[in-house]
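To start, the structure itself, in structure tokens.
The values are calculated or read from the model by the stated rules, or taken from the named source; none is laboratory data. This is a predicted model, so every value here is computed, not measured. Reconstructed Cβ throughout: ideal geometry from the backbone, glycine too, with neighbour counts over all protein chains shown.
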Amino acid sequence: MNWNNCFRQIHRWLSVAFTAAVIVNIIAVLQQKSTVWVGFLALLPLCLLMLTGLYLFLLPYAARWRARCE
Ligand code: HEM
């Protein structure tokens, strides 16, 4: 598996973790048990999603840039 596929798979599974954390957050808010740590539970995968997502976003531009330099 190359790096691009690896990042795509990581981004995909992080999205599952993020969705689960959002559901946990909604339940915590409804039960009035929300804490800072429950919030961080969603924030961590979201930050990682942003980093891997930006990498995926730049891939086609990097490929075009590399092709032009050859
Ligand atoms: C936080 C900032 C995020 C950025 C910058 C970002 C960016 C991207 C980019 C550029 C792609 C690739 C699109 C393509 O095929 O060319 C992608 C795919 C995807 N994103 Fe995100 N994303 C973000 C957050 C999220 C979130 C919050 C979710 C869902 C909870 C999500 C779920 C997905 C999924 C499922 C794919 C398809 C992965 C695959 O091809 O297998 N992303 N994202």
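Here are the numbers for this structure:
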read-out: Every pair of residues 6+ apart whose Cβ atoms lie under 6 Å, when the first sits in region 4-21 and is aliphatic (A, V, I, L, M) while the second is near the ligand (Cβ under 7 Å from one of its atoms) and at pLDDT 95 or above; value: LEU14/LEU49
read-out: Residues of region 2-39 satisfying the condition of being among the hydrophobic types (A, V, I, L, M, F, W, C) and under 14 Å from the mean Cα position of the chain (by Cα); value: CYS6, PHE7, ILE10, TRP13, LEU14, VAL16, ALA17, PHE18, ALA20, ALA21, VAL22
read-out: Index of the failed condition, ARG8 passing every other in (1) in a helix (DSSP H, G or I); (2) among the basic types (Lys, Arg); (3) more than 11 Å from the ligand (Cβ to nearest atom); value: (3)
